[in-house]
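Structure record follows, encoded as structure tokens.
The values are calculated or read from the model by the stated rules, or taken from the named source; none is laboratory data. Please read these numbers as outputs of a predicted model, since none were measured by experiment. Using ideal geometry, Cβ is built from the backbone for each residue, glycine included, and neighbour counts are taken over all protein chains shown.
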Amino acid sequence: MAPLILEDPATDDAKTNSRNTADRRTITDKATLLQERKLVLLVDLDHTMLHTTSKQFEGDYEEGLFQVDHGRRLFTVMLRPHHDRFLAVMSCYFELHVVSKCMRSYASSLLEHLDPEQRYFGNRVYTREDLPNESKFELMLKLFPDGYEHVVAIDDRRSVWSHMINQYRVSAYRYFTSGYFGLNDVISAKMPDLVDDEQLLEAERFLIDVHERFFSSYDKGTAKSTTELFTEVHEERKMSKQIAKMSVMEENMPDGAKEIPFPEHQGLKCDEADNCDKNKENVNQ
């Protein structure tokens with residue numbers, strides 16, 4: 001089956017090779033993806049992969065901090081911790097697409113820093129201009145009219161995906177304090193305790209788990225949808241947390257107290273984030 005090619009509403013012929021005015025975006029068909037042992041991951045930008053402020057930032061420079069011009073406004077942007085690792089690893093398991101509610105020209109400026117060589121997203125970038133009724137869920141249905149059982153998404157908001165089960169929700173990333181307070185035009189402070197942000201590492205482990213389960217069932221001829229697998233993994237992780245909590249309670253009980261009966265541990269895969277030989281060793285090639 002030939003790849004699906006969507007027409008872009010942009011018509012500026014002078015910029016047909018750029019991200020923000022690409023007139024043809026190719027989506028690999030499902031059969032080819034499965035042959036390549038890949039699923040599809042739809043990736044949000046703002047508050048998922050980065051945080052932006054339109055106010056002038058006068059804080060110290062840190063890696064991942066940059067500025068972009070958008071119209072008459074200058075934005076300061078901070079990339080989320082572990083973004084580079086997340087994209088490199090995910091690209092081994094998924095075909096990556098950007099799905100954002102921001103304007104196309106703005107998204108293009110961000111991607112010049114997030115994916116400068118177009119190694120991960122290529123021309124698969126969908127923005128506000130592409131969203132039917134401003135709904136990411138409706139766009140997904142348009143992109144995959146034959147079914148989205150091989151598709152997952154990562155975003156900090158659930159409503160834009162119609163609360164679909166196969167969306168991994170991360171907490172909103174906020175680096176600049178202007179999102180909370182500060183009515184001045186200049187800010188110099190950042191949010192505290194940002195060093196501990198490991199949301200993308202947690203997402204990586206979860207999504208790889210879903211990927212492995214998908215192809216395990218696929219190879220057995222009993223393929224499960226990503227919706228089923230999200231439910232399955234969430235339930236197992238919830239059980240694992242309950243068991244861990246009960247273990248702590250047992251350890252803190254007084255001597256001679258009655259032991260708490262534990263259900264049989266179902267067992268979760270808890271691979272370390274650095275265990276990426278499955279990164280296929282050529283992840284950065």
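Figures for the structure shown
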item: Residues of segment 103-121 that turn out to be in a loop (DSSP other than H, G, I, E, B) and at pLDDT 95 or above, as a count; result: 7
item: Check on ASP146, at pLDDT below 95 and either buried (at least 21 other Cβ atoms within 10 Å of the Cβ) or acidic (Asp, Glu) (or both); result: yes
item: Restricting segment 149-184 to residues that are surrounded by 15 or more Cβ atoms within 10 Å (Cβ to Cβ) and over 24 Å from ALA203 (Cβ atoms), the residue that is modelled with the highest pLDDT; result: THR177
item: Matching entry among VAL160, VAL152 (being in contact (Cβ under 8 Å) with a residue 40 or more places away in the chain, at negative phi and either in contact with a Pro (Cβ under 8 Å, 6 or more places away or on another chain) or assigned to a helix (DSSP H, G or I) (or both)); result: VAL160
item: Unmet criterion (only one of (1) crowded, with 17+ Cβ neighbours inside 10 Å; (2) of a type outside the set (Lys, Arg); (3) within 17 Å of the chain's Cα centre (by Cα)) for PHE214; result: (3)
item: Subset of segment 56-90 [in contact with a Ser or Thr (Cβ under 9 Å, 6 or more places away or on another chain), surrounded by fewer than 18 Cβ atoms within 10 Å (Cβ to Cβ), among the basic types (Lys, Arg) and in a loop (DSSP other than H, G, I, E, B)]; result: none
item: Long-range neighbours under 9 Å by Cβ, at least six apart or interchain, first residue under 17 Å from GLU63 (Cα atoms) within segment 78-93, second polar (S, T, N, Q); result: MET78/THR52; MET78/THR53; ARG80/THR48; ARG80/GLN199; PRO81/GLN199; HIS82/GLN199
item: Subset tally (residues that are modelled with pLDDT of 50 or more, in a loop (DSSP other than H, G, I, E, B) and buried (at least 19 other Cβ atoms within 10 Å of the Cβ)) for segment 1-46; result: 3
item: Of all residues making up segment 119-131, the number that are within 18 Å of HIS82 (Cα to Cα) and either in contact (Cβ under 8 Å) with a residue 40 or more places away in the chain or of a type in the set (S, T, N, Q) (or both); result: 1
item: Meets criteria (among the charged types (D, E, K, R), modelled with pLDDT under 95, surrounded by 15 or more Cβ atoms within 10 Å (Cβ to Cβ) and touching a helix residue (DSSP H, G or I) at 6+ places or on another chain (Cβ under 9 Å)) for LYS224; result: no
